[in-house]
Structures are given as structure tokens and as C-alpha cells.
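Each remark here refers to the structure printed beneath this line.
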Amino acid sequence: MFLINCPYCGERDQAEFTCGGEAHIARPKNPPELSDEQWAEYLFLRKNEKGIHYERWNHEYGCRQWFNLARNTATDEILAAYKMGETPPKLKANIPATPSGEPSIGSGNLSTSKKDRFLK
Ligand SMILES: [Zn+2]
């Protein structure tokens with residue numbers, strides 16, 4: 001368990017919140033012009049990086065407001081919480097080195113880092 005600083009209510013237990021996935025993903029301006037691969041990338045592909053990750057969270061059992069959170073996925077440290085529509089803060093993550101030298105993505109699965117896997 002950890003505490004999340006809701007921008008509307010202040011610090012509350014994590015159990016009151018639900019995560020809505022990666023933040024700041026803009027919907028394409030004209031979806032009919034996209035290829036199936038581009039549309040699939042918009043819908044399903046997420047960064048899953050090791051380090052700073054910007055996420056949408058909902059204070060479901062509190063004020064029920066949506067907000068953004070910057071979290072270090074390597075340490076689970078919450079670096080910033082800010083309201084929807086605000087500019088994400090520029091942050092620097094403390095990424096601990098691992099003895100196995102794992103890649104710069106969270107899962108260690110190299111296939112998730114290949115953004116061009118749909119392009120032929
Ligand atoms: Zn709240």
C-alpha cells in the first residue's frame with residue numbers, strides 16, 4: 001500500500017483509487033484516414049517504460065475526479081500529481097541499475113519495445 005496525493009482531496013490510501021492507464025495519448029484527428037496498423041497502435045500499444053510513467057488515475061472512492069500522476073515504475077515512487085489539462089512536469093527518474101542489465105522497459109520483454117512491428 002502507498003499514499004496518493006489527490007490534487008483535489010490531498011493524501012489518501014491507494015485503495016481509494018483506480019488506474020486508467022497511460023496519460024497524454026491524443027486521439028487521432030481523422031481516424032478514417034489511418035491504416036489498420038496505425039489505428040491498432042493508437043488503441044493498444046503503450047510505452048511500458050522503466051522510469052517515469054505518466055498515468056491517469058481516478059479517485060473512485062473519494063471525489064471521483066480524474067487526474068494525472070507521474071510515477072517511477074522502477075521504484076513505484078510517485079513524483080507528481082496534477083489535474084487534467086495541466087502540462088505534465090518535466091522530471092528525472094532515479095532508475096536503479098540491475099545486476100542482470102535488463103533493458104529500459106519495465107517487463108524485460110524485448111518484443112514490447114519494437115514500435116515498428118506492424119510495418120512491413
Ligand atoms: Zn480526490
What pairs can you find where one residue is in region 30-56 and closer than 29 Å to L91 by Cα, the other is part of a helix (DSSP H, G or I), and their Cβ atoms are less than 7 Å apart, with a gap of 6+ or different chains? N48/T112
Extreme residue, nearest to the ligand (Cβ to nearest atom), among residues of region 60-79 that are over 18 Å from C9 (Cα atoms) and charged (D, E, K, R): R71
If a residue has to be in contact with a Ser or Thr (Cβ under 8 Å, 6 or more places away or on another chain) and hydroxyl-bearing (S, T, Y) to count, how many in region 51-93 make the cut? 0
Which one is nearest to P88 (Cα to Cα) among residues in region 5-29 that are of a type in the set (A, V, I, L, M, F, W, C) and touching a residue at least 12 places away in the same chain (Cβ under 8 Å)? A23
Select from region 1-37 the residues that are surrounded by 12 or more Cβ atoms within 10 Å (Cβ to Cβ) and polar (S, T, N, Q) and write down the one among them that is nearest to the ligand (Cβ to nearest atom). N5
Under the condition of being surrounded by 14 or more Cβ atoms within 10 Å (Cβ to Cβ) and of a type in the set (D, E, K, R), which residue from region 38-59 is nearest to the ligand (Cβ to nearest atom)? R56
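Values quoted throughout were computed directly from the atomic coordinates according to the rules given, and no laboratory measurement underlies them. All values derive from a computational prediction rather than experimental measurement. So basically every Cβ, Gly included, is an ideal-geometry build from the backbone, and we count neighbours across all protein chains shown.
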